[in-house]
Each structure stands twice: as structure tokens, then as C-alpha cells.
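J.: Handing you a structure now.
Every number in this text was worked out from the coordinates using simple rules, so none of it is lab data. This is a predicted model, so every value here is computed, not measured. Reconstructed Cβ throughout: ideal geometry from the backbone, glycine too, with neighbour counts over all protein chains shown.
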Amino acid sequence: MKAQATVFLGGGRITGALIAGLRLAGYRRAIVVHDRNAGKLRALRREFQVEVARDLKSAVERAETLIVAVRPDSVAELLDEIVRCGAVSRARLDRPRIAISLAAGIPLKKLRGGLGSVRWARAMPSPVCRIGRGLTAVTYDRAVSVADRKRVRELFELVGRVLEIPERRFDAFCVAYSPSHGYHALATLAKAAQEAGLDRKTALTAGAHAFAEAILYCRESGQSLADLLQESATPGGIAAATMEAMTKAGYEKAVAAGLRAGIRRARLNAKL
């Protein structure tokens, strides 16, 4: 019998990012990927030397750690298919040792119902895990042992920082931490800077400095965010005028509205 492996069901972007980060960190355990899209499998095998499972049953039977990396609206169908193909039964599950869902919004209670006695964790890794600088939120089913919690945490620590949080806070964290906030803010700032007269390259350079170096200094200086805001936006100065105008234009309300929309989407996913 082949050695047990870390098995990904789904070969999409987050799977690619995680495998890239794991390989960068020197992860040498067997990695197996199953996906219906043969092109995705070929690309992953070519780039990361992963093993490819052409059928679901053989993939699940290899899994010591099973990572469900499909869209939220595909999770229920996938779990039913795992049972139908005979890889596991709902009454008894010898493998995988631990299953981890990356599907946003799908709660642990639904995952438990899909595969009998399997022990589940939910994780939401950032795509930045590709370069080992990610941030992953993790929450666990009560049945997950201390040893298996450690196993999950150590896996994601290979690709960045890990935060263990209660499931009731999971959706709020997931909508707040996405790097899409940074990309969207950078694109918006750079566009406004171009409209103010800068060329595209200079606008992007200025915007990237505004975010990247500010966050770096925030981390390294040890100062509070309130102190940094006061330091960088002197009353009567151009930065203070800029921040005040953005607030009056609804910047803070727009961000809050975006988070609420993301949480609503996650709660809709829970009903799938």
C-alpha cells in the first residue's frame, strides 16, 4: 500500500497557493491532488511534483490529512460522492485522520453530517501563503484531539501565521483578513492618483509605499495605531485634509458595508 499522504480534493487557486508555500518551506511528505479538471492536475504535477489521483476513491484512501478545497456550493455533493464511491462509510471512518474544509461559510455541523464520525477542522488560508507569508484562521470540531489540532496548526504554520478562533467568529475574520482589501485599496488609490496627475507607474509606486511601508513600520515600531495616525496626519496638513475628506465621503461606511456583505454571503453559503 502506498504511503499515507496529504490529499487535496480540488485543484484550484488556493490548492496551488498552499502547495507552493509547502514546497517552499521544504515539505516533503506525499501530496496527492484529485480534481475533475485534467488540465489543473497536469499543471500542479508539472510545477510541484505532486501525485495525481484520477479517481476520488483512491485519493481519499491515501489521505492521512484530507483537505476539501472546492467551492462552497460543491461541498455537499462532494461528501455524498465520497460515501457513494465506497471510500468511507458514514458509520465508520478509519481514514483520514483529520479532514480540513477550506470552504467559506460551510459550518462544522454540516461537515459532520456529511461524513459520519470524521473529525473536522475549518481553515481559511490567505493566497499569500504561496510565498510563506500567509495568515490562516483555523477552528475545530470538539471531537478533534489535542494531537490533531497540533497537526493542523503545524501544517499551516509552514506557510505563515496561524490564528485559532471560535467558529462563531470565523466568518467575520474571513471577510476582514483577505488580501483583496489591500489590492482593492491599492487599485483605488493608484487610480485616484493618476486622475490627480501622476503617471500609472508613479501612482502605483506611491500607493504601494502608502500601504506596504506603513504596515511594516506599524509592526516594527511598537507604536499604537492611534499614535501612528496622529504622527502621519498633522492637523492642518495635507494628509489630515485627505483623511478628513475621505471620511466625509463615506470611506468608513463603505468598508463596514463591504464586511457586512461578506458575512451575509458566508451565511448564505451555510444554507447550501
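J.: What nm value, rounded to one decimal, do you get for the distance between Glu244 and Leu272 when each label is placed 7 Å out toward the C-beta?
T.: Taking the simple label geometry, Glu244 and Leu272 are separated by 4.7 nm.
J.: For the chain, what does the relative contact order come out to in percent, with C-alpha contacts under 8 Å and a separation of six or more?
T.: Relative CO of the chain lands at 16 percent.
J.: In the chain, with Lys and Arg counted as +1 and Asp and Glu as -1 at Cβ, which of these residues, Ser126, Tyr27, Cys218, has the Cα nearest the positive end of the dipole, that is, farthest along it?
T.: Tyr27
J.: Mind pulling the angle between the C-alpha long axis of helix 251-269 and the longest principal axis of the chain? Nearest 10 degrees, somewhere in 0 to 90.
T.: 10
J.: Let me know the number of lysine pairs in region 5-166 closer than 24 Å at the Cα, not counting same-chain pairs under 8 apart.
T.: Lysine pairs meeting the criterion: 5.
J.: Follow-up. Using only the alpha-carbon atoms, how far is helix 146-157 inclined from the longest principal axis of the chain? Give it as 0 to 90 degrees, nearest 10.
T.: Taking the Cα atoms of the chain, the angle to 146-157 is about 50 degrees.
J.: Equivalent ellipsoid semi-axes for region 5-166, as square roots of 5 times the alpha carbon gyration tensor eigenvalues: give them largest first, rounded to whole Å. Provide the component values of the computation, followed by the final result.
T.: Numbers: eigenvalues 93, 77, 37 Å².
Those come to 22, 20, 14 Å.
J.: Ok, one more. Calculate the FRET efficiency for Leu198 and Glu231 from the Cβ-Cβ distance with a Förster distance of 35 Å, rounded to the nearest 0.05.
T.: With a Förster radius of 35 Å, E is 0.90.
J.: Then there's this: Scan region 1-60 for trypsin sites (Lys or Arg not before Pro) in coil per DSSP, keeping those whose Cβ has at most 13 other Cβ atoms within 10 Å, and list them by number.
T.: Values: sites: Lys2, Arg13, Arg23, Arg28, Arg29, Arg36, Lys40, Arg42, Arg45, Arg46, Arg54, Lys57; in loops: Lys2, Arg28, Arg29, Arg36, Arg54.
Loop-located and lightly packed - Lys2, Arg28, Arg29, Arg36, Arg54.
J.: Starting from the Cα of Tyr27, step 7 Å along the direction of its Cβ; do the same at Tyr251; then give the gap between the two resulting points in nm.
T.: 3.7
J.: Kindly provide the trypsin sites (Lys or Arg not before Pro) of region 232-268 that DSSP labels as loop, not H, G, I, E or B, and whose Cβ sees at most 14 other Cβ atoms within 10 Å.
T.: Details: sites: Lys248, Lys253, Arg260, Arg264, Arg265, Arg267; in loops: none.
Sparse-neighbourhood loop trypsin sites (Lys or Arg not before Pro): none present.
J.: A further question on this structure: Once you have the Cα-Cα distance between His184 and Ala261, take 0.36 nm times their residue separation minus that, and quote the gain in nm to one decimal. Don't skip to the end; give the middle numbers.
T.: Working: separation 77, 0.36 × 77 = 27.72 nm, distance 1.56 nm.
Difference between extended and current length: 26.2 nm.
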